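First up is the structure itself, then whatever we jot down about it.
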Amino acid sequence: MSNVTIAAGEWTADEVLEALSAGKRVVVETEFLGEVHEVTLRWDGETYYCDTPTRLHKHATAEEMRGCLRKMGYAAEA
């Protein structure tokens with residue numbers, strides 16, 4: 001499984017989901033309280049994961065993951 005690193009908001013949610021479905025892990029660099037943090041997004045073929053420095057979020061569907069990407073600012077608006 002290969003990784004691709006992007007800045008928060010660099011890709012749309014559809015682009016992120018396309019990379020995940022192709023078997024890539026997407027590492028999103030995001031700024032929080034003046035520091036850069038990495039969030040790793042992945043899909044195991046059944047469940048989507050958002051692995052943040054403090055928590056692991058799980059999503060059952062692509063629509064749930066799309067909503068999380070937009071809510072958290074990891075993806076650009078299309």
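What follows is calculated from the coordinates using simple rules that are stated; it is not laboratory data. Not measured: the values here are computed from a predicted model. When we count neighbours, we look across all protein chains shown, and the Cβ atoms used for this are built from the backbone with ideal geometry, even at glycine.
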**Fill in**
Scalar couplings 3J(HN,Hα) for the range 35-46 by Karplus 6.51 cos²θ - 1.76 cosθ + 1.60 (θ = phi - 60°), nearest whole Hz, x for Gly and Pro, are 10, 8, 10, 9, 10, 9, 9, 8, 9, 9, x, 9
**Asked** Measuring from label point to label point, each 7 Å out along Cα→Cβ, what is the residue 29 to residue 14 span in nm?
**Response** 2.7
**Complete:** If 41, 56 are placed from fewest to most neighbouring beta carbons inside 10 Å, the sequence is 56, 41
**Spin-label pair residue 5/residue 64, simplified geometry with 7 Å Cα→Cβ offset, distance in nm** = 3.0
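Percent antiparallel among DSSP beta bridges with both residues in the chain, to the nearest 5?
Details: 15 of 21 bridges.
Of those bridges, close to 70 percent are antiparallel.
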**Prompt:** In degrees between 0 and 90, to the nearest 10, how far off the longest principal axis of the chain does helix 62-72 point, with axes built from Cα atoms?
**Reply:** 0
**Item:** For Rg/Rh (Cα atoms, Kirkwood Rh), calculated from these coordinates, the label among (i) 0.98; (ii) 0.92; (iii) 1.18
**Value:** (ii)
